[in-house]
1. What are the nm distances, shortest first, from B:Thr214 to its equivalents in the other copies, labels at 7 Å along Cα→Cβ?
2. Taking 60 Å as R0, compute the FRET efficiency from the Cβ-Cβ separation of A:Leu128 and A:Thr218 and round it to 0.05.
3. Just need the relative contact order of chain C here, percent rounded to a whole number, with Cα pairs under 8 Å and 6+ apart.
4. Compute the helix-to-body angle for D:143-153: its Cα long axis versus the longest principal axis of chain D, expressed 0 to 90° and rounded to tens.
5. Per residue of C:73-81, count partner chain C-beta atoms within 10 Å of its C-beta, then hand back the mean as an integer.
6. Suppose R0 equals 30 Å; then what is the FRET efficiency for B:Glu253 and D:Phe137 from their Cβ-Cβ distance, rounded to the nearest 0.05?
7. If you take the charge dipole of chain C about its Cα centre, with +1 on Lys and Arg Cβ and -1 on Asp and Glu Cβ, which of C:Ala250, C:Leu152, C:Pro81 is farthest toward its positive end?
8. Over every pair of different alpha-carbon atoms in the range A:130-214, take the mean of 1/r and invert it; report that Kirkwood radius in Å.
Number of protein chains: 4
Amino acid sequence: MCRWLAYSGSPISLEELLHKPEHSLIDQSLHARLGVETTNGDGFGVGWYGAGIDTPALFRSVEPAWNDRNLREIAGHVESPLFLAHIRASTGTAVQQTNCHPFRYGRWLWVHNGLVREFPRVKRELALAVDESLYGFIEGSTDSELLFYLALTLGLKDDPPRAVGRMVGLVEDMGHRHGVEHPLQMTIATTEGENVWAFRYSSEGRSRSLYYSTNVRTLRELYPERPRLQEVSDETRIIVSEPVLDLVGAWNEVPESSYGLVCEGEDELHTFRPQ
Amino acid sequence: MCRWLAYSGSPISLEELLHKPEHSLIDQSLHARLGVETTNGDGFGVGWYGAGIDTPALFRSVEPAWNDRNLREIAGHVESPLFLAHIRASTGTAVQQTNCHPFRYGRWLWVHNGLVREFPRVKRELALAVDESLYGFIEGSTDSELLFYLALTLGLKDDPPRAVGRMVGLVEDMGHRHGVEHPLQMTIATTEGENVWAFRYSSEGRSRSLYYSTNVRTLRELYPERPRLQEVSDETRIIVSEPVLDLVGAWNEVPESSYGLVCEGEDELHTFRPQ
Amino acid sequence: MCRWLAYSGSPISLEELLHKPEHSLIDQSLHARLGVETTNGDGFGVGWYGAGIDTPALFRSVEPAWNDRNLREIAGHVESPLFLAHIRASTGTAVQQTNCHPFRYGRWLWVHNGLVREFPRVKRELALAVDESLYGFIEGSTDSELLFYLALTLGLKDDPPRAVGRMVGLVEDMGHRHGVEHPLQMTIATTEGENVWAFRYSSEGRSRSLYYSTNVRTLRELYPERPRLQEVSDETRIIVSEPVLDLVGAWNEVPESSYGLVCEGEDELHTFRPQ
Amino acid sequence: MCRWLAYSGSPISLEELLHKPEHSLIDQSLHARLGVETTNGDGFGVGWYGAGIDTPALFRSVEPAWNDRNLREIAGHVESPLFLAHIRASTGTAVQQTNCHPFRYGRWLWVHNGLVREFPRVKRELALAVDESLYGFIEGSTDSELLFYLALTLGLKDDPPRAVGRMVGLVEDMGHRHGVEHPLQMTIATTEGENVWAFRYSSEGRSRSLYYSTNVRTLRELYPERPRLQEVSDETRIIVSEPVLDLVGAWNEVPESSYGLVCEGEDELHTFRPQ
């Protein structure tokens, strides 16, 4: 069980979300409140988009996030309008930097919470389904990274919801053929630096938690005394595995089997189906 | 808040106590049941005495113990009749190998659970109280290591209970002079490879938990169906921050302000007083 | 460019070969004398066979070997009659524990110095050639580990020279089909705990250096003043990428395209050919 | 033996100096050309000043710099007008993050190449000379960090050359009293974010190498074809343990027993004397 966070909006210092909130992502690495596993101490990562650079920066480490001084330094000195962060609780694969999220391919980032059930049994077949031109970029040994490369193989760059739908369809088919009842459990965020797509789905229809922040204008009316809310742009949005602040009315659950798109203009929320 | 374990008796593989029991020390690194902090993920260490070698071996790492493959390998391949193991939850000092317990000086090992309150205020004065010939051996920045070098300065090698008593007296005096109400909280184990001394004490008289295993002969009568208990010698003893097995009658709390001596012949339990 | 060492003979402390000699393997991690790369600082590993345990123990780390205190502790406290050690200089793949040698499968260990040329281009095809039942055990991303699993696929457990010959044949065929002129460069040692097979081969016929120690009886006559040589058994043998001691007459180059077998009775040296 | 670099001038991406030049600092971590030790693989660090933040950011790690992916990411995404970088070859103290340079106190950074000779013998006395209010900030165990806190104790914030002079005087006195002939060897850079002071000194008058870059206007005339030189401001200056680029006329040796000041307006070069 992992935890992740996606931020899109006015440029802010990473520490505003990673360290400062009462239930910040870093705090959740030691004391998560939702889910079975309360410790996410098997590595972490953050990927952010800077000004004037094509590919996002990536900082990943196998130290528990709560200990990592370098993370704290960087989080306090880097500002970004769009970043993904992730804390890991391994479901079996090795604790190593190449298994830490986000995964990156060109401009794209990917984080995942969940698992491919019976992964050792289907791993080879999943790996073979990755396009030859992409195979060589796989560096780690996780199910999560394979899901990313499958989605890339199936058209992530052109139509993310469709590509993720096809990826889920493929994983479920393969799992069923190997006798796995519920092959996939996932929340996923992916971005190319402008839009963020967030998915919540599981084969059994009981997916891990996922929340998105309420429209900032509404939040300002609810909490006129919170200066931070007055400063950020109307389009600022946070998506998280579990809320980082106890603010009534600030968080909405992403419904089962659905995905959201955070983009310029009105954000969208749609039903998600494997294809 | 940390956790530690001391074993003395028939040579066993380290993993018998570190990994195999239902609430093994390694399991406690992720899910401790007693105490405030349930995660002890800020490094670990194990020190063991081998056959025919003067000084004990030391294996310490800043990775969480639950992740560490090298620990598992070594624990599965090393047998020892006497070892100390420790999992760390930092009370503020850096997570680094030189801050991991056990600390070693010559044949002596030392583990500590607890803290010197307001340590930054008294650290310099405590460091100055360490004997000049020992000062250069201090490698880390913890209160625990300083307590060890103070005890060595005050005669640990000649009379451990008296030296630890004098060390506690010194720390309490110094704390009181700096206006600290309850300067010290500790459970400590120390050994020179033959005897193990275990201390439970705190300035406020509410010390962290400490248990010792029941006499093996009694345990055999209680649990005739447990083959492991039939194999170990009569003198085998375990001292732990919290029980590693749920066996009724197997664990006894070390009383407040007392210390035990595990040695050849009858073990001893005495009142402990600062001096 | 890496360096490795294989020892078979009277049980000795690992540090006798890893740390004590003037040009010990650990010294070579900082100052190798043969080969292009003089620093082997991208991780290390040692695998050893103990008494009464089926599988060998493995200690691997991404720290430079010259720094690693845990390695020094273990090397000083562990004795073994058969061990393989390796220091790594990455040829491109990530520096992580799962990429450190030796690799282990059941009772088998494997170390490699060299590379598969144009590895990213042939990696997928090589991975597909690994038997389905073995594929799930691959944990890292190196060419070296893939060579091991290919050899296992091709019968390593039954006939190591033949299996390695077939593996080399397969890698060369695949490389040639991808237009690689000299697909493979290797020295390899593998063992199941009793015999050690050591291979020296490269597609271009100019393989990395490999040496084996002179028969101990001869060495005793040459160096009557060396007590260590008087103590070890007649069958003791060391195979190394580069000599660890400057003793005239002590080291013999393994010829191009050949392999040696260290075993009970007379050791053997044969021509090696891809199959 | 370590290597360091100080940059002051037009904001540039850190990788422009850390990774891109032919003999970049990171390249020097594996292949230094000057000095006895050619490998600086015992950790590294970089401290940089950002826009609008009081204290500099610090990124330090015990991995060899040539391997560190996080360093490469950060170096490629962070721009700064003033930064110090350091690669370490330990002279005996532990390889741990708190022993990596730069050291930081408030706005001040400090890097050191060299050593206090017979450090274990004088360490305690040097530590006692640190002001009580500063003592608690010492986190590591190196001579270099102690020199920094001694300089702070002796007025670094008010008059750096005088404070460093007094620090050197104190270290030499103490060394001589302990019978050390040449107590100190050092090149040092320190900065508060606006000015950079760089010192070259050793008790024996044969100090480790130190170079400063030629005035940019002169460089432009020498190398009209180098676009990078046309872009940076006139006041841009680099100080390094050894040149990072082979450009004739670009580097000047800092003379023995002297110090330079890089500041707004004309830079200065003065004789340095212990006080």
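1. List, nearest first: 5.8, 6.6, 8.6 nm.
2. Values: r = 48 Å, r/R0 = 0.80.
E between A:Leu128 and A:Thr218, to the nearest 0.05, is 0.80.
3. Working: 610 pairs, mean separation 56.3, N = 275.
Across chain C, relative contact order equals 20 percent.
4. 80
5. Working: counts 10, 8, 1, 4, 13, 5, 3, 1, 0.
Per-residue shielding by partner chains comes out at 5.
6. Values: r = 40 Å, r/R0 = 1.33.
So, using R0 = 30 Å, E works out to roughly 0.15.
7. C:Leu152
8. On the way: mean 1/r = 0.0725 Å⁻¹.
This gives a value of 13.8 Å.
The values are calculated or read from the model by the stated rules, or taken from the named source; none is laboratory data. Keep in mind that what you see is a predicted model, and the values were worked out from it rather than measured. As a convention, Cβ positions derive from the backbone with ideal geometry for all residues, glycine included, and neighbour counts pool all protein chains shown. To get the accessible areas, we keep the full protein, side chains included, count just its heavy atoms, and leave off ligands, DNA and RNA. Shrake-Rupley method; radii C 1.70, N 1.55, O 1.52, S 1.80 Å.
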